[in-house]
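Rule-based calculations on the coordinates, nothing more; no lab input. Here the structure is a predicted model, which means the values were calculated and not measured. Backbone-built Cβ (ideal geometry, glycine too); neighbour counts: all protein chains shown.
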2 protein chains.
Amino acid sequence: MRTINIGIIGFGTVGSGTAQVLHDQAELITKRTGAKIVLKSILVRTKRVLPDEFSDVPVMVDEDAFFGDPELDIIVELIGGIEPAKSYILRAINGKKHVVTANKALISACGVEIFAAAAENNVEVGFEGSVAGGIPIIKTFKEGLAANRIESILGILNGTANYILSEMTNKGLPFAEVLKTAQDLGYAEADPTYDVEGIDTAHKLAILMTMAYGMEVDVSAITTEGITKIEPIDITLGKEFGYRIKLLAVSRNHGEHIEARVQPTLLPDDHLLAAVNGPFNAVHIKGDMVGDVLLYGPGAGKMATGSAVAADIIDISRNILHGAENRVSCLSYLPEFIQPRRITPIAELECPFYFRFTTLDKPSVLAKISGILGRHNISIESVIQQGQLDDGTVPIVMRTHSSCEADVEKALEEIEALAIVTAPVVKIRIFV
Amino acid sequence: MRTINIGIIGFGTVGSGTAQVLHDQAELITKRTGAKIVLKSILVRTKRVLPDEFSDVPVMVDEDAFFGDPELDIIVELIGGIEPAKSYILRAINGKKHVVTANKALISACGVEIFAAAAENNVEVGFEGSVAGGIPIIKTFKEGLAANRIESILGILNGTANYILSEMTNKGLPFAEVLKTAQDLGYAEADPTYDVEGIDTAHKLAILMTMAYGMEVDVSAITTEGITKIEPIDITLGKEFGYRIKLLAVSRNHGEHIEARVQPTLLPDDHLLAAVNGPFNAVHIKGDMVGDVLLYGPGAGKMATGSAVAADIIDISRNILHGAENRVSCLSYLPEFIQPRRITPIAELECPFYFRFTTLDKPSVLAKISGILGRHNISIESVIQQGQLDDGTVPIVMRTHSSCEADVEKALEEIEALAIVTAPVVKIRIFV
């Protein structure tokens, strides 16, 4: 029986999870592939003792020895971040090794360079684990929906942010308090910026857009807004309007240009994505042939991401066994068909909005605000004005009809300049 | 550029949908595969004129001419049913042609024979379109979750039945009336037996079980019950208990034996599958590594199923281009590892139950019924007793704690023999 030798770089959460999957499922994987997939070596920064089941796997700190092993078929990078991950991956590729990674920051930033090097060396790069944890979403774009022009992608792609919003929704607690608990429980990092500011979600959306549309994506062109400014009152009032707040990645294929944004968004209660709670992820795809498809599952975690990384290892192993390397293009389209596409400037987009104004309890406040909105072509669908808060201010909440982002920006600038408006306007997009 | 030639058998809903997908997406498919996929011929029973876009595709009624074309790479069977579909598929396989089909009845009944013939001739058989329409569920089992021992499968796999239950739920209408409308709208067949009696769902569950567990499945061993006896009152009272009724395919991997059943089932309101409405399908999978994954999408339809059939065509084409035929085993496991597994006898299973008793308005009815239940180890969790109906009977509705199917059967037999019980007991399983 053919043996496929795996070398793993990094033995943190996902690295040890992947090793565990390969160990625990060795027999199952052989039954499915006809090959023996063997963890042959592990490269780490600092020498250490591994759990018993891996006691016969050499743990190396010597990069030359690790990369120089001619018997390795696939090198699996699971340290994350840009460097040294990028150098390791390029070294593996130049040494004619196939690569598997779960590194979304690297793939979204340097994918073009990495995939070009892989093509030159006729090796594969698998990255199923980089988006939406255990959900086989990359494979779905590349293969399952390969006969579809993708019309839109909606994603809940960050488990930490979704967990925080779910807890805020269920318990009525403020952001900072939920974040603290999440950190204590290990659901959020000490520095949660990437997760709560939407950056991680934007990286993942960029990867999905490449798969979907055959385009190179500059992550910085994706308008990205986090959830740190969401307050319990917005969640409560959103509920009264029939919505739930989610940190939503949205991309729509407008043909000439592609919409792409990551923002807290009010989703109608009866939308399937509104029911995705806790650390789970989900991706809703509209294909021109298939219609609406949704994939849901764990967005992170040792074994769930290990499952996705192992799926890539199995995929590449099947190709090695059949001499079919690069049977499916890394980028879902052949490299010569990957094209630049214009990202729609945010100012050109339209959607209904939720606004919360913090105002002084003076007559004609509502008239002034709605007057400004009207002059900027923003029409109000409904208003909730509540009583005075302890600090003497009055919150006014509005839901608008579909309005242009550029108009909204100008209107809110004028409104925030009013003396009767005492805090920045809270603005949340409503999904339609 | 390499050309892959396709021959389609049948030009009904799915046949014409598949032809349309290949036609409309020709350029896209080339960009993804590097090949030209060409519809070269169509075999039909009666000669006819096709829509303009297919005017240059020969429509044949001569089987020998169709199967004898040495240039065909893949033959796509889309006529459904056992014969002549089976003979056509075997003829294609014996002629060394790859096969794609969406025929769940055939695959679930004769898969073993068909896959053995395919292995002998080193050709592939794709059947993504046979389960859950456009959802890439077969690929997910074979590849995306290949590193997982599957612990359970829950599925809403029949769009017609789900549409009928959704309409009954939303509009409070009786089964017969909704069925009639569904037939008028073309959502249900003139003879709806397969859909509403759970037979179609059982076929699909059998296919998924083979993919998941590496077992041969005898469809007749799957306990199958339809939705024809569900009444609006059960939907209403189910709601009061916090449930929704779905025609659910359930399979659990108990190691030594495998649970498999298709039954109307009360699902908790907050279960994701409870939110799957109308003609949509969804499959919830629990993998030992990945945890909970759900796939949702259109369960049928010309273009959605066409998308799945085209995905198989693309998959096989990619294998042809790389000389990697049978890169993934048709059955998800290598044939030598497909094993018989015992299906759990229904009498051994346990779950909570919903019972609706139709009784005369006499004293001690409740005492008699609950006495019998108690003697059979069935403990009641809650009871709703409503007022007399127009026909003078009184409905008593109960939710039980987890109870053994064998006990339930015996108890209900005794209860139905009581003179005060005037109609068969309605019994619906509650999902836990």
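In terms of surrounding Cβ atoms within a 10 Å radius of their Cβ, A:Ile89, A:Ile114 rank from fewest to most as A:Ile114, A:Ile89.
Neighbour counts of other Cβ atoms within 10 Å put B:Glu414, A:Glu120 in the fewest-to-most order A:Glu120, B:Glu414.
B:Lys239 label point (Cα plus 7 Å toward Cβ) to equivalent points in the other copies: 2.2 nm, shortest first. Relative to the globular-protein estimate of 2.2 N^0.38 Å, the Cα radius of gyration of the range B:223-272 stands at 1.31.
What does the convex hull of the alpha-carbon atoms of the range A:348-430 project to on average, in nm²?
Details: hull surface 19.3 nm².
Directional mean of the projected Cα hull area for the range A:348-430 stands at 4.8 nm².
When the Cα atoms of chain B are enclosed in a convex hull and the volume is divided per residue, what value in Å³ results? Mind showing how you got there, number by number?
Values: hull volume 64.2 nm³, N = 432.
Enclosed volume per residue, from the Cα hull, is 149 Å³.
Take the Cα radius of gyration of the range B:175-262 and divide it by 2.2 N^0.38 Å, N being the number of residues; the result is 1.28.
Relative contact order of chain A: 17 percent, from C-alpha pairs under 8 Å at least 6 residues apart in sequence. Among residues of chain A, the one whose Cβ lies closest to the rotation axis carrying chain A onto chain B, together with that distance rounded to whole Å, is A:Ala324, 2.
Count Lys and Arg as plus one, Asp and Glu as minus one, and take only other residues whose Cβ is under 11 Å from that of B:Glu189; the net charge is then -3.
Computed over chain B, the per-residue total of -39500 (n - 2.57) for DSSP H runs of n ≥ 4 gives a 222 nm mean residue ellipticity of -10500 deg cm²/dmol, rounded to 500.
Spatially, the range B:227-269 and the range A:60-75 are offset by 53 Å when compared through their Cα centroids. The mean count of C-beta atoms from other chains within 10 Å of the C-beta of residues in A:331-344, rounded to a whole number, is 2. Extending 7 Å from the Cα toward the beta-carbon at both B:Glu71 and A:Glu189 defines two label points whose distance is 5.6 nm.
Centre-to-centre, using Cα atoms only, the range B:292-327 and the range A:308-384 are separated by 27 Å. Using 28 Å as the Cα-Cα cut-off, could you pick out the over-long pairs in A:Lys104/A:Lys410; A:Lys180/A:Lys427; A:Lys36/A:Lys97; A:Lys204/B:Lys286; A:Lys142/A:Lys229; B:Lys171/B:Lys410? Long pairs (Cα-Cα over 28 Å): A:Lys104/A:Lys410; A:Lys142/A:Lys229; B:Lys171/B:Lys410.
Sorting B:Ser329, A:Ser220 by the number of Cβ atoms found within 10 Å of their own Cβ, with the fewest placed first, yields A:Ser220, B:Ser329. Note on B:270-276: average number of Cβ atoms from other chains within 10 Å of each residue's Cβ is 3. Taking a point 7 Å out from the Cα of A:Gln339 in the direction of its Cβ, the residues of the range B:15-34 whose backbone N falls within less than 15 Å of it are B:26-32.
Ordering A:Ser87, A:Ile150, A:Ile235 by the projection of their Cα atoms onto the charge dipole of chain A, which places +1 on the Cβ of Lys and Arg and -1 on the Cβ of Asp and Glu, puts A:Ile150 at the extreme positive end. Using a cut-off of under 19 Å, list every residue of the range A:339-380 whose amide N is near the label point 7 Å from the Cα of A:Ala406 along the Cα-to-beta-carbon line. Answer for the range A:339-380: A:342-353, A:373-379.
In nanometres and ascending order, the distances from the B:Ala423 label point to those of the other copies are 5.7 (point 7 Å from Cα along Cα→Cβ).
Placing a label point 7 Å from Cα along the Cα-to-Cβ direction at B:Pro174 gives distances to the equivalent points in the other copies of 5.9 nm, listed shortest first. Across q = 0.05, 0.10 Å⁻¹, the protein assembly as shown modelled as identical point scatterers on its alpha-carbon atoms has Debye log10 I(q)/I(0) values of -0.30, -1.17, in the order of the q list. Sorting the segments A:168-178, B:251-261 by their mean number of nearby beta carbons within 10 angstrom, highest to lowest, gives B:251-261, A:168-178. Sorting B:46-54, A:229-237, B:151-159 by average packing, meaning the other beta carbons within 10 Å per residue, from highest down gives B:151-159, A:229-237, B:46-54. Within the shell defined by Cβ-Cβ distances under 12 Å, the residues around A:Gly68 carry a net charge of -3, with Lys and Arg each +1 and Asp and Glu each -1.
A simple spin-label model places pseudo-atoms 7 Å from Cα toward Cβ; at A:Ser382 and B:Asp391 they are separated by 4.2 nm. Note on chain A: with charges restricted to the Cβ of Lys and Arg (+1) and Asp and Glu (-1), its dipole about the Cα centre is near 560 debye.
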